[in-house]
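Engineer: One structure, pasted below without further comment.
The values are calculated or read from the model by the stated rules, or taken from the named source; none is laboratory data. A quick note: this is a predicted structure, and the numbers were derived from the prediction, not measured. Cβ coordinates were reconstructed from backbone atoms using ideal geometry, including for glycine residues, and neighbour counts include every protein chain displayed.
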Amino acid sequence: MFASLGPFTNYLCLAFVALIVWVTYETPGLRLSAYLIPVWLAVLGIGYYLKTRSARGNQRASSR
């Protein structure tokens, strides 16, 4: 019944996140937080990459 709403709910969630970021940007005391979101996402992405890279290296070493 709700399977056809899949793409719509994804867009709805993205719109909600965009609204939260916009409200954060418009609040003067929180504006810096909105500017630092891309930096935080980059740090998370680099950490994930390094963690999965080391996990793959350990997996290859143990399979030998």
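Engineer: Among (1) surrounded by 10 or more Cβ atoms within 10 Å (Cβ to Cβ); (2) at pLDDT 95 or above, there is one condition residue 56 misses while meeting the rest; what is its number?
Structural biologist: Exception for residue 56: condition (2).
Engineer: Would you mind finding the one in 21, 17, 43 that is touching a helix residue (DSSP H, G or I) at 6+ places or on another chain (Cβ under 7 Å), of a type in the set (A, V, I, L, M) and without any contact (Cβ under 8 Å) to a residue 40 or more places away in the chain? Let's see the steps before the verdict.
Structural biologist: Working: 17 fails: touching a helix residue (DSSP H, G or I) at 6+ places or on another chain (Cβ under 7 Å); 43 fails: touching a helix residue (DSSP H, G or I) at 6+ places or on another chain (Cβ under 7 Å).
The match here is 21.
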